[in-house]
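Engineer: Quick one: structure below, then a few questions.
Where a number appears in this text, it was derived from the coordinates with a stated rule and is not lab data. Predicted model only: the values in this text are computed from it and were never measured. Here the Cβ is made from the backbone with ideal geometry for all residues, glycine too, and neighbour counts use every protein chain on show.
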């Protein structure tokens, strides 16, 4: 609950505006994201490289909380939803036009960081990825955050059933065709518990976590977020 004192009026206004993101037509949400992305593209553009701003952004990623992205990797294709895969794991496929969207979220009960404006993600900070598609046998009802289990692959958690929600983290590598190459690995848990497996590797075409310092360079391509029911926590 927010106390609407004088000192909290600005924050309360921002919170109320962001809460409107549960309504798909929210112009406030669209403006926040579009403004963030426009400034990010200006700063990280290879044709217009703002040195001062880039220095400030060195601690940040050119990614925004609440923004959606489809993911790809040079030489491996795009991360897709495979209807033949019962768990909808994060795997790459070449020669496909599919753009599987993920929403980048600060916490599992809110995609936004209320203390940030704009919503840029700090380099090395943990974030969750919300999947708009679940397991194929329940794809329309079990959208969830990405998780892992003993197999160390990543898939929508299916309401946390026997799985561990995963916090990703990244460091900026470069800009490429309106997308951003991020050195992606894993963060510790939100509670601060040490994660014994923070490395990320490719197991064939499938992303897999390891007990190493490895990372995978993945391109985050901004995309408009799909519409979702208001009761979905990824909104």
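Engineer: Could you work out how much longer the chain between residue 212 and residue 94 gets when fully extended? Use 0.36 nm per residue separation minus the Cα distance between them, nm to one decimal.
Structural biologist: Gain in length upon complete extension: 39.8 nm.
Engineer: What list do you get for 130, 135 if you sort them by fewest beta carbons within 10 Å? Let's see the in-between values first.
Structural biologist: Working: 130 23, 135 19.
Ranked by crowding around the Cβ, least crowded first: 135, 130.
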